[in-house]
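What follows is a set of notes on a single structure, which appears directly below.
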Amino acid sequence: MKDLAQLMAVTVKSAQQIQDAQAEAYALHQWGKLYHHTQQLSQAQKLTQKSLNIARQLQAEDIIAQSAWQVGQLYKEQGDRFVRRADKFVWLFWWGCIALDYFMVCDRL
């Protein structure tokens, strides 16, 4: 796995050096796919999102489709963690609103 990841890093760097954005986007997608396969989901997410961003700029529909699908799968697999985090923020926001209302009422007394 380590050798493959290093090879993918070299591939991305080579695509950047020759200024081939489509090759870079495809290499990033494949690198993200490798990390996805090994359950390194955070790293897979970063690489695949970068691939998707480049592909969108190029309007490379084949890479957009592949990377968008993979990003969706990664969000789906990480869903529980994201839902818990979102619930926590909603809870904090709600309590912040209650505290603000309390201070507004106390200020009027």
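The values are calculated or read from the model by the stated rules, or taken from the named source; none is laboratory data. Remember, predicted model here, so these are calculated numbers, not experimental data. Neighbour counts are summed over all protein chains in view; Cβ atoms, including those assigned to glycine, are modelled from backbone coordinates with ideal geometry. All accessible areas refer to the heavy atoms of the entire protein, side chains included, with ligands and DNA or RNA removed. Shrake-Rupley method; radii C 1.70, N 1.55, O 1.52, S 1.80 Å.
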Checklist entry - Which value in nm describes the separation of the simple spin-label points at MET1 and ALA65, placed 7 Å from the Cα toward the beta carbon? => result 3.0
Checklist entry - Within straight cross-link reach of LYS33, meaning Cα distance under 26 Å, which lysines are found once same-chain residues fewer than 8 apart are removed? => result LYS2, LYS13, LYS46, LYS50, LYS76
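How much FRET efficiency would the formula 1/(1 + (r/R0)^6) give for GLU77 and ALA9, where r is the Cβ-Cβ distance and R0 is 22 Å, rounded to 0.05?
Values: r = 23 Å, r/R0 = 1.06.
In this case the efficiency is close to 0.40.
For segment 1-57, what is the accessible area per residue in Å² when the probe is 1.4 Å?
With all protein chains present, segment 1-57 gives 61 Å² per residue.
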